[in-house]
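Colleague: Got a structure for you, questions after.
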Amino acid sequence: MNDPKRKTYWLETYGCQMNKAESGYLEYELQSHGWTPVQKPEEAETVILNTCSVRKTAEDRIWGRLGFFKAQKKNHSFRLVLMGCMSERLKEEILNEAPHVDLLVGNFQKHRLVDVLDQGDAFLEAATQEDREAAPQRAPQQPPQRASDRAHQEAHLVDPGEYRFAERHSLSGFQAFLPVMHGCNNFCTYCIVPYVRGAEVSRSPRSILAEIRRLQEPEDSSGQAIREITLLGQNVNSYSYREQDGTILTFPALLRRIVPVLRDRTWLRFLTSHPKDMSDELIELIASEPALCRHIHLPVQHGSNRILQAMGRKYTRQHYLDLVARIRKTIPEVSLTTDILIGFPGEGEEDYRLTLELMRQVGFEDAFTYRYNPREGTRAFELGDDVPESLKQERLSGVIDLQRRITREAKKHKLGRTVEVLVEGVSKKNSGELLARTEGDEMVVFPGSPRLIGTFARVRLQSLRGSTFRAETIEADGA
Ligand code: SAM
Ligand code: SF4
């Protein structure tokens with residue numbers, strides 16, 4: 001019988017850009033193997049959650065979704081797949097507490113997922129048959145569910161091997177995220193990433209360049225030219241690839257190989273830079289190479305030396321300030337953004353004050369701000385969690401307020417300028433306006449036709465709405 005749900009999927013992605021890129025790869029693979037996405041989870045034969053473990057809040061949301069899908073399984077028959085960092089970190093807990101998860105896929109097994117799903121058509125049927133036999137008391141009108149079966153969930157796991165980079169990470173569109181590295185060797189004491197993603201591995205330049213060339217082939221981007229490529233890694237500055245002749249390709253050298261391959265006008269960005277590894281060579285390259293966006297995301301995390309040391313960040317406040325001074329001198333129009341982590345164990349009022357002071361000194365264009373969450377397995381977990389949640393929240397609000405003021409001040413100085421923007425979509429607040437971004441990653445809205453989406457435009461910054469620029473068009477590519 002023809003099952004309308006056969007080979008249909010629903011994919012939810014949580015967390016960082018790396019997860020989004022890896023989900024892009026998965027979707028490409030699924031669709032190449034005849035799978036179709038659906039509009040609602042209940043229409044899918046297979047539901048996949050690509051998970052995040054960096055903060056407890058992300059994991060809590062995913063546990064909530066697992067509860068939702070458990071209830072859904074009472075009414076629909078579908079396969080539930082949990083992949084990514086949470087599958088690595090909480091494998092035992094999920095096997096014990098979420099037996100309705102049919103398949104757990106760790107970070108080193110993702111490349112096998114589509115094969116397993118394809119072969120696994122039989123696995124759901126076999127499992128439901130087992131269930132019918134095992135659960136005769138279930139009302140006949142209810143679709144059968146697979147019983148708790150660890151062996152079944154685990155049977156499809158393979159031994160973690162080396163991380164394998166996928167050869168492509170997007171289906172189509174004008175913006176692409178390309179992993180160039182995986183894992184992290186830094187072991188900042190608060191961070192779970194090195195435990196769930198493993199040691200740093202650099203992707204080969206051959207594979208990176210091949211993906212970029214493919215992105216630029218018109219048939220690959222459904223008629224839309226690629227306009228922006230973001231290279232991803234937990235610490236791109238430590239990219240290091242040993243070539244066949246034994247020489248080491250560094251990150252600036254990789255960028256120099258990528259730039260000549262870019263066709264037409266394309267913005268090249270990268271995330272994330274670690275302050276201990278950002279070299280003068282890279283700063284000078286950003287200054288001299290027009291394809292490289294004048295935007296550096298340079299997470300400082302904290303402004304107090306005592307806390308930076310306890311975090312294992314391996315730089316001091318002064319090192320960071322000196323680095324910023326060199327960057328601003330070499331690239332005067334640069335936009336600097338950061339991550340700030342508040343409430344680390346032992347953080348006192350003076351440490352907090354130093355953080356606010358550093359923020360003022362640097363004048364970040366923007367900041368992502370986080371409240372510390374102890375993560376079991378990390379070194380900081382052993383230190384306890386002695387800053388009360390209410391105080392963490394109070395300090396975090398102080399950081400957010402200050403950054404809002406700094407951001408607005410910096411933006412006010414830019415009013416009247418004409419800048420280039422990449423049009424990303426229609427504004428959610430006003431369908432007559434377009435939402436675009438500057439190379440410094442600042443949001444701009446301006447009146448225009450949706451035909452301009454995926455093109456560059458020149459606009460004049462006229463006013464501010466919150467921290468978003470309002471602008472008028474000077475010149476548009478697709479007009
Ligand atoms: N590799 C990047 C770096 O070194 O800056 C950051 C990657 S991390 C996934 C993104 C951000 O999450 C970090 O910059 C940090 O501020 C935040 N983060 C990491 N662990 C955290 C924790 N235990 N609690 C709260 N925020 C955390
Ligand atoms: Fe986590 Fe530090 Fe590695 Fe960033 S550099 S991923 S914060 S361990």
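The values are calculated or read from the model by the stated rules, or taken from the named source; none is laboratory data. As the structure is a computational prediction, the values presented were derived from the model and not from experiment. As a convention, Cβ positions derive from the backbone with ideal geometry for all residues, glycine included, and neighbour counts pool all protein chains shown.
Colleague: Is at least one residue of segment 377-387 in contact with a Lys or Arg (Cβ under 9 Å, 6 or more places away or on another chain) and modelled with pLDDT under 95?
Modeller: Yes, segment 377-387 has at least one match.
Colleague: Please work out which one of (1) under 30 Å from residue 346 (Cα atoms); (2) hydrophobic (A, V, I, L, M, F, W, C); (3) surrounded by fewer than 16 Cβ atoms within 10 Å (Cβ to Cβ) is the condition residue 415 fails and give its number.
Modeller: Among (1) under 30 Å from residue 346 (Cα atoms); (2) hydrophobic (A, V, I, L, M, F, W, C); (3) surrounded by fewer than 16 Cβ atoms within 10 Å (Cβ to Cβ), the lone unmet condition for residue 415 is (1).
Colleague: If you don't mind, there's one more thing I want to ask. Taking only pairs six or more apart or across chains, which ones have beta-carbon atoms under 6 Å, a first residue in segment 36-54 that is within 18 Å of residue 4 (Cα to Cα) and touching a residue at least 24 places away in the same chain (Cβ under 8 Å), and a second residue that is away from ligand 1 (no atom under 16 Å from the Cβ) and of a type in the set (Gly, Ala, Ser)?
Modeller: 38/44
Colleague: Here is a further query. In segment 172-206, how many residues are away from ligand 2 (no atom under 15 Å from the Cβ) and crowded, with 17+ Cβ neighbours inside 10 Å?
Modeller: Residues in segment 172-206 being away from ligand 2 (no atom under 15 Å from the Cβ) and crowded, with 17+ Cβ neighbours inside 10 Å: 7 in total.
Colleague: Given the structure, is residue 405 near ligand 1 (Cβ under 10 Å from one of its atoms) and among the charged types (D, E, K, R)?
Modeller: For residue 405, the condition - near ligand 1 (Cβ under 10 Å from one of its atoms) and among the charged types (D, E, K, R) - is not met.
Colleague: Given (1) within 16 Å of ligand 1 (Cβ to nearest atom); (2) over 23 Å from the mean Cα position of the chain (by Cα), identify the lone condition not met by residue 75.
Modeller: That leaves (1) as the condition not met.
Colleague: Right, something else. In segment 307-335, which residues are β-branched (Val, Ile, Thr), in contact with a Leu (Cβ under 8 Å, 6 or more places away or on another chain) and touching a residue at least 12 places away in the same chain (Cβ under 8 Å)?
Modeller: Answer for segment 307-335, where residues must be β-branched (Val, Ile, Thr), in contact with a Leu (Cβ under 8 Å, 6 or more places away or on another chain) and touching a residue at least 12 places away in the same chain (Cβ under 8 Å): 324, 327.
Colleague: Is it the case that some residue within segment 343-354 is surrounded by fewer than 17 Cβ atoms within 10 Å (Cβ to Cβ), closer than 20 Å to residue 189 by Cα, of a type outside the set (Val, Ile, Thr) and within 16 Å of ligand 2 (Cβ to nearest atom)?
Modeller: no
Colleague: What single numbered condition from (1) in contact (Cβ under 8 Å) with a residue 40 or more places away in the chain; (2) at positive phi fails to hold for residue 278?
Modeller: The failed condition is (2).
Colleague: Follow-up. So in segment 309-329, with the set limited to residues that are touching a strand residue (DSSP E or B) at 6+ places or on another chain (Cβ under 7 Å) and within 16 Å of ligand 2 (Cβ to nearest atom), which one is nearest to residue 363 (Cα to Cα)?
Modeller: 313
Colleague: What is the number of the single condition among (1) buried (at least 16 other Cβ atoms within 10 Å of the Cβ); (2) more than 25 Å from the chain's Cα centre (by Cα) that residue 48 does not meet?
Modeller: Failing condition for residue 48: (2).
Colleague: Residue 428 fails exactly one of the following numbered conditions: (1) modelled with pLDDT under 95; (2) surrounded by 14 or more Cβ atoms within 10 Å (Cβ to Cβ); (3) farther than 30 Å from residue 356 by Cβ. What is the number of that condition?
Modeller: Status for residue 428: all satisfied but (2).
Colleague: Just name the residue that is farthest from ligand 1 (Cβ to nearest atom) out of those in segment 55-65 that are without any contact (Cβ under 8 Å) to a residue 60 or more places away in the chain and not charged (D, E, K, R).
Modeller: Step by step, filter segment 55-65, then rank; the result is 64.
Colleague: Identify all residues within segment 469-479 that are part of a strand (DSSP E or B) and more than 19 Å from residue 293 (Cα to Cα); write none if there are none.
Modeller: Listed by number, the residues that qualify are 470, 471, 472, 473, 474, 475, 476.
Colleague: Let me ask you something else. Read through the list (1) buried (at least 18 other Cβ atoms within 10 Å of the Cβ); (2) acidic (Asp, Glu); (3) away from ligand 1 (no atom under 16 Å from the Cβ), then give the number of the only condition that residue 167 fails.
Modeller: Only one criterion in (1) buried (at least 18 other Cβ atoms within 10 Å of the Cβ); (2) acidic (Asp, Glu); (3) away from ligand 1 (no atom under 16 Å from the Cβ) is unmet by residue 167, namely (1).
Colleague: List pairs: first residue in segment 187-198 and under 13 Å from residue 108 (Cβ atoms) and in contact (Cβ under 8 Å) with a residue 12 or more places away in the chain, second residue of a type in the set (Gly, Ala, Ser) and near ligand 1 (Cβ under 7 Å from one of its atoms) anywhere in the structure, Cβ distance under 6 angstrom, at least six positions apart or on different chains.
Modeller: Note: no pairs meet the criteria.
Colleague: Hey, among 273, 304, 288, which residue is of a type in the set (S, T, N, Q), more than 30 Å from residue 356 (Cα to Cα) and either within 16 Å of ligand 1 (Cβ to nearest atom) or without any contact (Cβ under 8 Å) to a residue 12 or more places away in the chain (or both)?
Modeller: Only one candidate passes the filter, namely 288.
Colleague: Could you say whether any residue in segment 232-246 is away from ligand 2 (no atom under 16 Å from the Cβ) and farther than 22 Å from residue 211 by Cα?
Modeller: Within segment 232-246 (the criterion being away from ligand 2 (no atom under 16 Å from the Cβ) and farther than 22 Å from residue 211 by Cα), the answer is yes, since at least one residue qualifies.
Colleague: So which pairs qualify, if the first residue must be in segment 365-379 and farther than 25 Å from residue 443 by Cα, the second must be in a strand (DSSP E or B) and within 15 Å of ligand 2 (Cβ to nearest atom), the Cβ gap must be under 8 Å, and the two must be at least 6 apart or on different chains?
Modeller: Close Cβ pairs satisfying both conditions: 372/341; 372/342.
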